[in-house]
Amino acid sequence: MVEFSAPLIYSEWRTRQRSKKRLKQPNAFLGKLAKLLSEGYTFYDSLHMLAPHHMTNEEISLAHIKNLLKEGHPMTTVFFYFGVSSRYLLTLQLAEQRGEFHRALEHVAAQMDRQTKNNQMMLKLLTYPFTLFFLLVFLLIGFRQFFLPQMSTMFSTTTSHKTWIELTVSRLLLHLPDVFIVLFSMVAVAIAGAVIIGSRRDVAAQLSFVYRIYPLRLFFQLMFTKQLAEEIGTLLTSGLSLQDALTILKQQTYQPYIRYLATHLYTFILRGQLLSEAVKEVPYFQRDFASCIMHGERGGNLGRELIMYGELIATKQQQLVNRLLGIVQPLFFCLIAVCILGAYLAILLPMYQMIDFV
């Protein structure tokens with residue numbers, strides 16, 4: 001019998017949340033740390049100076065960091081202790097191996113700052129429609145519990161078929177918010193179930209599932225293309241060969257998807273194929289990725305062109321996020337408008353019938 005993995009997922013989530021609480025304002029912390037390292041301070045001394053301002057429990061955190069460094073763990077492990085996302089840890093790990101750690105910290109701090117702004121924008125866009133929606137729900141529940149029963153009692157003496165049809169329609173319209181809440185709950189349960197089931201499968205099965213859903217496929221193609229272009233390009237510009245760069249990516253432990261893709265690309269490279277030919281064999285990249293690589297291979301500046309292409313994909317990714325943020329709020333307002341229209345009709349139908357009845 002396969003053990004149900006929901007408790008494991010929840011436990012890992014709780015562990016990450018506890019780790020994140022050890023650090024306040026992580027994007028500002030990384031930016032200041034990068035500045036101190038560029039000024040010549042040691043890694044531990046820089047952490048020690050920043051600890052009073054950014055660590056929730058200074059003594060415990062510094063003692064743990066000191067033990068990690070004494071045991072020979074890389075600097076990236078420190079940020080794993082603070083709950084930094086794995087997509088940033090890969091960048092830091094590779095930069096640490098190249099000796100460009102402070103530059104990677106600046107880059108990661110900028111990415112985290114952009115992510116924080118996106119989250120704040122999303123919260124700002126959703127706060128008003130969510131508040132309005134729940135106020136409308138409470139209003140309709142009150143009308144359903146107090147006003148509509150009085151209407152039913154008043155019309156109980158009439159035998160008009162039309163009256164009871166209007167009351168029935170009113171009851172149905174007053175349940176519109178309930179319908180939307182049930183639908184949202186079903187979608188949330190379906191997503192949670194997909195995450196739990198997907199976590200029990202290997203990386204290949206997860207990618208195959210994602211690739212069949214167009215919105216997710218578009219997002220993941222952008223993400224994988226951006227990450228591989230930036231990491232391979234940076235490794236190539238640091239003087240490594242393509243095989244060595246892919247070897248490092250397939251041996252890292254922070255990003256299982258990147259490790260899987262790098263392993264496949266490495267297999268094609270060993271067969272004598274060019275990188276531009278290898279990416280065509282893997283369906284999880286942008287369509288123009290191969291042409292960009294081919295242009296870099298012909299010009300002899302593959303590393304630099306991959307970095308530039310990664311920056312272009314990052315811009316596309318941000319534009320996609322902005323478009324999604326622009327769609328979310330109007331969508332919620334449309335749902336609220338439908339509920340308000342339903343409430344309006346639910347109130348007016350009995351009122352008009354009351355006028356006729358009187």
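The values are calculated or read from the model by the stated rules, or taken from the named source; none is laboratory data. Computed from a predicted structure; not experimentally measured. With ideal geometry, Cβ positions are generated from the backbone for all residues, glycine too; neighbour counts draw on all protein chains shown.
Touching a residue at least 24 places away in the same chain (Cβ under 8 Å), over 21 Å from L92 (Cβ atoms) and among the basic types (K, R): does that describe R144? Yes: the conditions hold for R144.
Here P283 meets each of (1) more than 30 Å from D113 (Cβ to Cβ); (2) touching a Phe, Trp or Tyr at 6+ places or on another chain (Cβ under 7 Å); (3) of a type outside the set (A, V, I, L, M, F, W, C); (4) assigned to a helix (DSSP H, G or I) with one exception, condition (4). Within the stretch 119-128, can one find any residue that is surrounded by 15 or more Cβ atoms within 10 Å (Cβ to Cβ) and without any contact (Cβ under 8 Å) to a residue 60 or more places away in the chain? No: zero hits. Tallying residues that are in a loop (DSSP other than H, G, I, E, B) and touching a residue at least 24 places away in the same chain (Cβ under 8 Å) within the stretch 225-251 yields 1. The sole residue among P177, P129 that is within 39 Å of the chain's Cα centre (by Cα), modelled with pLDDT under 75 and under 17 Å from C334 (Cα atoms) is P177. Does the stretch 132-149 include one or more residues that are assigned to a helix (DSSP H, G or I), of a type in the set (S, T, N, Q), at pLDDT below 80 and over 30 Å from A28 (Cα atoms)? Taking every residue of the stretch 132-149 in turn, at least one turns out to be assigned to a helix (DSSP H, G or I), of a type in the set (S, T, N, Q), at pLDDT below 80 and over 30 Å from A28 (Cα atoms). Count of the stretch 290-328 residues, restricted to those that are touching a residue at least 60 places away in the same chain (Cβ under 8 Å), under 30 Å from P129 (Cα atoms) and of a type outside the set (S, T, N, Q), is 6.
If we keep just the residues of the stretch 229-241 that are modelled with pLDDT under 90 and aliphatic (A, V, I, L, M), which is nearest to the chain's Cα centre (by Cα)? Filtering the stretch 229-241 for residues that are modelled with pLDDT under 90 and aliphatic (A, V, I, L, M), the one nearest to the chain's Cα centre (by Cα) comes out as L235.
When only residues in the stretch 64-84 that are touching a residue at least 12 places away in the same chain (Cβ under 8 Å) and in a loop (DSSP other than H, G, I, E, B) count, which is nearest to Q115 (Cα to Cα)? Checking each candidate, the answer is V84.
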